[in-house]
Structures are given as C-alpha cells and as structure tokens.
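Asks: Questions regarding the structure given below will be posed in turn.
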Amino acid sequence: MPRIALATYDPGTEPSRDGDLPLLVRALTDAGAETEARHWDDPAVDWAGYDLVVIRSTWDYSWRAAEFGAWVDRVGALTRLANPAPVVRWNADKRYLGELAAAGVPTVPTRYLPPGEPARLPAGHEFVIKPTSGAGARFAARYTPAEHDTAVRHVARMHAEGFTAMVQPYMPGIDVRGERALQFFGGRLLHASRKGAVLSPGTPYDADKVPHPGLERWQPTDAELVLAEKALGAVPASGLLYARVDLVDGDDGEPRLMELELVEPNLFLRLHPESLPRVAEAILAAAGDPAASLPG
C-alpha cells in the first residue's frame with residue numbers, strides 16, 4: 001500500500017481554500033493508498049516516509065520563495081516529488097515565459113524589471129504589472145497610461161521587497177472570451193475551464209482579488225490544444241505529472257500563453273467531478289511506477 005502525501009499550505013485558524021483536497025485524499029484512500037494532506041512547512045513531517053509527495057496547494061509559497069525552494073530540493077532528495085524539483089524550481093519564477101517565447105511558443109509579450117532598474121512603462125496602452133514570483137494575482141494590477149505615477153510606485157514597492165517586476169500589455173481579449181485553463185494530468189488532457197478578468201481597473205495592487213471569477217467549464221479549441229502541447233513540449237525538464245496551461249486571445253484572435261502552471265495549480269475538481277478518478281489513478285500510477293509521469 002503506497003504512502004502518499006499531498007502538500008498544502010497552513011491556513012491557520014481559517015478554513016483551507018483548497019476545497020478539492022479532501023476529495024482527493026478520500027479518493028486515493030478509497031483506492032488503497034495511505035494518503036495524508038500535510039503542510040509543506042511543517043518541520044515535524046517525515047517526508048522520506050512517503051513513496052510520493054504531490055504538491056497540491058502550497059499557495060503561500062510565492063512570498064517565501066527561498067524557503068519553498070529549499071523545501072522542494074530537500075523533499076526531492078528524500079523521496080519522489082511531483083512535480084519534480086527541477087520543474088518546480090524553473091516554473092516558480094515567471095521569467096520562464098521569456099524562455100518559452102524564445103523557443104517559439106506564442107506568449108503574452110513580457111518585459112522584466114529587476115530591482116535597481118528604472119520603471120520604464122508603456123505609454124500608449126493599458127498594461128499589467130505583477131511580480132515574477134506570485135500567485136492568485138497578488139501584487140498584480142492593471143493600469144492605463146494616465147496612471148503612470150501610481151504604476152511607478154507599484155514597481156518601487158516590489159523592488160523594495162526584492163521582487164522582479166514583469167510588465168505585460170493588458171490583453172483586451174480577456175474581457176471578451178476570458179482566460180482559458182487547460183488542465184493536463186498523467187500525460188493527457190484532463191479538462192478545461194474558463195474564467196473572467198481578474199484585474200479590474202482601479203483595483204490597488206495590494207488589494208485582495210478573486211482569483212477565478214465566473215469559472216465555468218470550457219471545451220478547448222484545436223488552436224488552444226496545439227499551443228498547449230507546444231508549451232509543454234518546450235519545458236526544459238522532464239517528469240511532469242500535472243500541468244495547467246493558461247491562455248488568452250491576442251489582438252489577432254489567436255491564443256497566447258498567459259502562464260504555464262507547473263507548481264501548484266488549482267485542479268478545479270469541484271467544477272469537473274468526473275475528473276477525480278483520473279487524477280487519483282495517475283497519482284497512484286506515479287507512486288508505484290517512476291516512469292508513469294508525463295515526459296517533459
């Protein structure tokens with residue numbers, strides 16, 4: 001009977017925001033695996049005692065990047081980690097978008113502003129600023145050219161905290177067709193979803209945001225599937241168990257990669273309950289067969 005840990009965050013006194021976690025623990029337990037949800041930063045956990053550790057909802061990692069990276073390396077050296085440490089390390093810094101663009105993957109144009117570099121911002125169109133280490137739209141905001149001074153202060157705040165800022169044009173296609181998330185698990189398309197725009201005009205960068213507004217089921221187009229496969233094929237590491245490919249439309253109506261989520265993507269299993277058995281099956285296969293994961 002394999003021992004499986006699902007790594008999550010510590011919500012403290014608040015309820016966990018990962019509503020899929022108990023469903024997955026139950027499904028794996030019912031399938032015969034000894035399964036536990038464990039806080040990734042709990043020093044009492046013996047990670048070597050598990051046959052597989054699956055990163056599921058370590059949703060506070062982006063503000064503790066160095067600590068989380070050290071944990072990933074440590075667990076990856078002790079037991080089988082999914083996704084593997086090299087994948088997680090690469091994907092935890094959104095500068096990977098530049099690498100994918102250089103590899104020919106159609107992406108949302110992105111410019112990076114590391115600490116110490118002046119905040120050169122667009123003057124002719126709306127734009128978005130967010131950190132290269134971030135999740136759930138934290139520290140992200142949408143600006144018009146008229147809000148230049150506010151945007152500069154945003155960049156300065158991130159630089160003061162050691163973050164590299166990334167600047168992208170706001171993609172107006174999000175307001176028309178939303179953002180689509182294609183979920184892969186165990187080497188196959190699992191399901192797809194669509195959500196509305198997360199960033200509203202005038203919302204401060206440090207305000208709480210709804211990360212998945214208007215989430216609904218989605219049938220991916222052929223063009224979206226082709227782009228997703230191209231993005232996954234360009235990942236410079238192997239051993240993917242899971243992946244989420246987030247897409248938006250460019251000005252020409254064709255899909256562009258917004259983000260490639262390989263660390264701790266929300267699976268949206270409550271929206272797609274039929275996918276739960278497939279996820280459990282893929283995790284069980286990975287726990288028992290090191291070759292059962294998706295080739296990178």
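Asks: Looking at (1) modelled with pLDDT under 95; (2) among the aliphatic types (A, V, I, L, M); (3) open to solvent by less than 50 Å² (accessible area, probe 1.4 Å), which is the only condition ALA160 fails?
Replies: The single condition ALA160 does not satisfy is (3).
Asks: So which residues in segment 82-114 are part of a strand (DSSP E or B) and open to solvent by less than 10 Å² (accessible area, probe 1.4 Å), if there are any at all?
Replies: Scanning segment 82-114 gives ALA82, LEU113.
Asks: When the residues of segment 271-293 are narrowed to those that are at pLDDT 95 or above and part of a loop (DSSP other than H, G, I, E, B), which ends up surrounded by the most Cβ atoms within 10 Å (Cβ to Cβ)?
Replies: The selected residue is HIS272.
Yes or no, residue by residue, for (1) farther than 19 Å from LEU241 by Cβ; (2) of a type outside the set (Phe, Trp, Tyr); (3) open to solvent by 70 Å² or more (accessible area, probe 1.4 Å):
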residue: PRO15; (1), (2), (3): yes, yes, yes
residue: LEU28; (1), (2), (3): no, yes, no
residue: HIS39; (1), (2), (3): yes, yes, no
residue: GLU67; (1), (2), (3): yes, yes, yes
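Asks: Considering only segment 227-234, I want to know if a residue exists there that is among the hydrophobic types (A, V, I, L, M, F, W, C), assigned to a helix (DSSP H, G or I), exposed (fewer than 14 other Cβ atoms within 10 Å of the Cβ) and modelled with pLDDT of 95 or more.
Replies: Scanning segment 227-234, I find no residue that is among the hydrophobic types (A, V, I, L, M, F, W, C), assigned to a helix (DSSP H, G or I), exposed (fewer than 14 other Cβ atoms within 10 Å of the Cβ) and modelled with pLDDT of 95 or more, so the answer is no.
Asks: Now a separate question. Those residues that are more than 19 Å from the chain's Cα centre (by Cα) and loosely packed, with under 14 Cβ neighbours inside 10 Å, I need them from segment 1-13; list them, please.
Replies: MET1, GLY12, THR13
Asks: How many residues, within segment 235-269, are assigned to a strand (DSSP E or B), under 18 Å from ALA282 (Cβ atoms) and charged (D, E, K, R)?
Replies: Here the count works out to 2.
Asks: Right, something else. Given (1) surrounded by fewer than 17 Cβ atoms within 10 Å (Cβ to Cβ); (2) of a type in the set (A, V, I, L, M); (3) closer than 17 Å to GLU261 by Cβ, identify the lone condition not met by ALA77.
Replies: (3)
Asks: Now a separate question. Tell me yes or no: at least one residue of segment 205-221 is open to solvent by less than 30 Å² (accessible area, probe 1.4 Å) and not in a loop (DSSP other than H, G, I, E, B).
Replies: No, there is no match, as no residue in segment 205-221 is open to solvent by less than 30 Å² (accessible area, probe 1.4 Å) and not in a loop (DSSP other than H, G, I, E, B).
The values are calculated or read from the model by the stated rules, or taken from the named source; none is laboratory data. Keep in mind that this is a model prediction, so the values were computed, not measured. Because the Cβ atoms are built from the backbone with ideal geometry, glycine has one as well, and the counts that use them run over all protein chains shown. These accessible areas exclude ligands, DNA and RNA; they are computed on the full protein's heavy atoms, side chains included. Shrake-Rupley method; radii C 1.70, N 1.55, O 1.52, S 1.80 Å.
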